[in-house]
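Colleague: Please read through the structure below; I'll follow up with questions.
The values are calculated or read from the model by the stated rules, or taken from the named source; none is laboratory data. All values derive from a computational prediction rather than experimental measurement. Cβ placement follows ideal geometry from the backbone for every residue including glycine, while neighbour counts extend to all protein chains displayed. Only protein heavy atoms, including side chains, enter the accessible area calculation; ligands, DNA and RNA are left aside. Shrake-Rupley method; radii C 1.70, N 1.55, O 1.52, S 1.80 Å.
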Amino acid sequence: MSDKKIPFAEDSWLYDREPPADSSDKTAGKEPAEDKRAEEEIMAPEPDADSGHDADSREISEDEILSADWEKTGKPAPDLDYSDVEIRVPPVEYATSVPGREKQEEARDDGSLETGENGEKTADLPEDSTEKAADQDVGDAGRKLKTVGKAFPGISFFRKKKKAGEEDDRDEEVEDGDPDEEDAYEDEEEQERIPLSVRLRLLRERIPVSLKTKSYLLVIGIVLLTAVLATAVNHFWKYSGYEVISTHAQEDTASFSYCNVDGTILRYGAEGATLYDRQNQELWGISYSMDSPVAVVNGDVFAIFDQAGTTIEVCSKSGQIGTISTSYPVLKAAVNPEGMVATIQESGSVTWIEYYSGDGTKIAEMRTALDDPGYPMDLCVSGDGTLLGVTYISYQNGVQTGSVDFYNFGSSGQNQMDNRVAEFTFSGRVLPEIDYMSNTVCVAFRDNGFTVYSGGMIPSQKADVAVDGDIVSVFHDDTYIGLVLSGESDNSFLLQLYNTSGRVVMQQELDFTYNTVDLVDGRISFYGARSLHVYTTSGVCKFSGDYAETVQELFAIGTYRYVAVTDKDMELIRLK
């Protein structure tokens, strides 16, 4: 007990107690006081198990007794000095790692944080922070702390609830070494209340690169590595031979012709046509009568016309679309992906251009003369059927002139004579071939190069390429344009590949002879009587070899897959 002097102790009206015994009788005055003290110690309650400290960790000073007496009297208490009195406030748990937390920790440590009657913190968290992590339920069972919020798996946001009898040690070690952001939740329903922004921020701080992110990076790395390896193998790998996948016996291969129709095989002759798949299984067939059948293909649509005859059969991979009967014998024909057919027909000294739909309905017809616009050399139809391109040769004032004319059968050509919306002339040149590479891009080949046109309604010139030397062969797909020029010797050639802007993307010297060339699935194939040479669009030779037998026809139907027609059968082969 403190030996500090009690203010106003001599004023008897301050105390509601019996006067002390006579000071002369020291023994008589001491015994009652000792008995009273012992009685108070016996009647003192047991220390609270949840308080976290021993009951006798502090003594009750006389000042506190004096203050309690003043509460009984209802009179104002005098100014007392409590500097030596230890005041303990039960800690209240708050959510950690939120704005304002560090300031509250400092305020609690230096004692500047205000407290209420029950010892709880009266300062509120900022409005954008999480709710207070403890709700006090004061009752007979004592104080019970609850936590709110829910952590990500592997991350704790709040302190663990202390068990009865454990010391209130704020520096106790936790799993990952951070006492302010580690520990578990008690109530799963309340865990859902923590703001998502707080969870995401803590996730970024604690786990900047999670295992899930690392897994994604690993998968992306494997995919990129596989793509690089596949590209390298595709670029540098060279095939050394071939294998026969299937054989289809043919009784009279000389009476039929064969071609590729979007990965299927078309076999056609004077009395009909049959379409086969890659396994040589028949898909469908039609019958007709033609003296000299010729097939033109555009994607999965094709037309078989009787050259110098008046019949055209229009078909697709699914079957026959329709039959067209022309006014005059057909010299040339072109088909678009919609089955629309344009023809050059001849009647004596007069030539006609007639345009049909797939079911045989005539869309337009034009009569041509040698002086204007000229004799038609070739023609093509745009993908949507709106534009028709025709190349002519004419003689004006004794000078040979080549020209490219475009006809629009839509709204743009209604007010134009013969629906002609554009004309391009090349003095002294011949343009034997024209074709659409896509719906709006067209290429016209001439004897010294080619010209690219673009436009959906009124085409304009996009690129023009002129070359030195004789052009032996031309070919194209929807991306590239190829020329084969004659070399210095009889068996030497120069292969040049261009894009639609007229820029050379590949150039390769060739030292072999061939009959035909095509570009299918990014592979340039040169066919001879018994030879096959395959190049990529980057100029890498993938295969160069001879076929075991003399072939009548050899053509590609896919990547490194070919059809070889001999005098006795049709074989499907694959490079290996």
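Colleague: Select, from 354, 346, the only residue that is under 18 Å from residue 305 (Cα atoms) and touching a Ser or Thr at 6+ places or on another chain (Cβ under 7 Å).
Modeller: Only one candidate qualifies: 354.
Colleague: Got at least one residue in the stretch 312-334 being within 43 Å of the chain's Cα centre (by Cα) and closer than 23 Å to residue 412 by Cβ?
Modeller: Yes: the stretch 312-334 contains one or more residues that are within 43 Å of the chain's Cα centre (by Cα) and closer than 23 Å to residue 412 by Cβ.
Colleague: On to the next question. Among the residues of the stretch 544-576, count how many are outside any loop (DSSP other than H, G, I, E, B) and within 28 Å of residue 317 (Cβ to Cβ). Quick ask: steps written out before the conclusion?
Modeller: Residues of the stretch 544-576 outside any loop (DSSP other than H, G, I, E, B): 544-546, 553-558, 561-565, 569-575.
Next, only the ones that are within 28 Å of residue 317 (Cβ to Cβ) stay: 553-558, 561-565, 569-575.
Residues flagged as outside any loop (DSSP other than H, G, I, E, B) and within 28 Å of residue 317 (Cβ to Cβ) within the stretch 544-576 amount to 18.
Colleague: Follow-up question, since we're still on this one. Which of the residues that make up the stretch 274-321 are open to solvent by less than 30 Å² (accessible area, probe 1.4 Å) and at positive phi?
Modeller: Matches in the stretch 274-321: 280, 319.
Colleague: Looking at the structure I just gave you, is residue 447 exposed (fewer than 15 other Cβ atoms within 10 Å of the Cβ), under 25 Å from residue 494 (Cα atoms) and in contact with a Ser or Thr (Cβ under 6 Å, 6 or more places away or on another chain)?
Modeller: Working: exposed (fewer than 15 other Cβ atoms within 10 Å of the Cβ): yes; under 25 Å from residue 494 (Cα atoms): yes; in contact with a Ser or Thr (Cβ under 6 Å, 6 or more places away or on another chain): no.
In short, no.
Colleague: Take the residues of the stretch 338-357 that are open to solvent by less than 60 Å² (accessible area, probe 1.4 Å) and closer than 23 Å to residue 287 by Cα: which is nearest to the chain's Cα centre (by Cα)?
Modeller: 339
Colleague: Also, quick follow-up: Would you please name the residue that is nearest to residue 262 (Cα to Cα), looking only at residues in the stretch 504-518 that are assigned to a strand (DSSP E or B) and open to solvent by 20 Å² or more (accessible area, probe 1.4 Å)?
Modeller: 518
Colleague: Anything in the stretch 241-270 that is farther than 26 Å from residue 305 by Cβ and hydroxyl-bearing (Ser, Thr, Tyr)? List them, or say none.
Modeller: Answer for the stretch 241-270, where residues must be farther than 26 Å from residue 305 by Cβ and hydroxyl-bearing (Ser, Thr, Tyr): 242, 246, 247.
Colleague: Looking at 264, 247 in this structure, which one is among the β-branched types (Val, Ile, Thr) and either within 37 Å of the chain's Cα centre (by Cα) or open to solvent by less than 50 Å² (accessible area, probe 1.4 Å) (or both)?
Modeller: 264
Colleague: Take the stretch 363-422 and flag every residue that is open to solvent by less than 70 Å² (accessible area, probe 1.4 Å), closer than 23 Å to residue 439 by Cβ and in a loop (DSSP other than H, G, I, E, B).
Modeller: 382, 383, 385, 386, 409, 410
Colleague: Please determine, by comparing only the residues of the stretch 445-460 that are within 37 Å of the chain's Cα centre (by Cα) and in a strand (DSSP E or B), which one is farthest from residue 404 (Cα to Cα). Step through it out loud before you land on a result.
Modeller: Quick first cut of the stretch 445-460, residues within 37 Å of the chain's Cα centre (by Cα) only: 451-460.
From the residues that got through so far, the ones that are in a strand (DSSP E or B) too are 451-454, 460.
Working: 451: 10, 452: 11, 453: 10, 454: 13, 460: 11 Å.
Looking at the filtered set, the residue picked out is 454.
Colleague: Can you report the number of residues in the stretch 325-336 which are more than 13 Å from residue 355 (Cβ to Cβ) and open to solvent by less than 60 Å² (accessible area, probe 1.4 Å)?
Modeller: Total meeting the criteria: 2.
Colleague: Within the stretch 461-494, count every residue that is assigned to a strand (DSSP E or B), more than 14 Å from residue 526 (Cα to Cα) and open to solvent by 30 Å² or more (accessible area, probe 1.4 Å).
Modeller: 6
Colleague: For residue 505, are the conditions met, namely being under 24 Å from residue 277 (Cβ atoms), out of contact with any helix residue (DSSP H, G or I) (no Cβ under 9 Å at 6 or more places or on another chain) and without any contact (Cβ under 8 Å) to a residue 40 or more places away in the chain? Before the answer, list the steps.
Modeller: Working: under 24 Å from residue 277 (Cβ atoms): no; out of contact with any helix residue (DSSP H, G or I) (no Cβ under 9 Å at 6 or more places or on another chain): yes; without any contact (Cβ under 8 Å) to a residue 40 or more places away in the chain: yes.
It is false that residue 505 is under 24 Å from residue 277 (Cβ atoms), out of contact with any helix residue (DSSP H, G or I) (no Cβ under 9 Å at 6 or more places or on another chain) and without any contact (Cβ under 8 Å) to a residue 40 or more places away in the chain.
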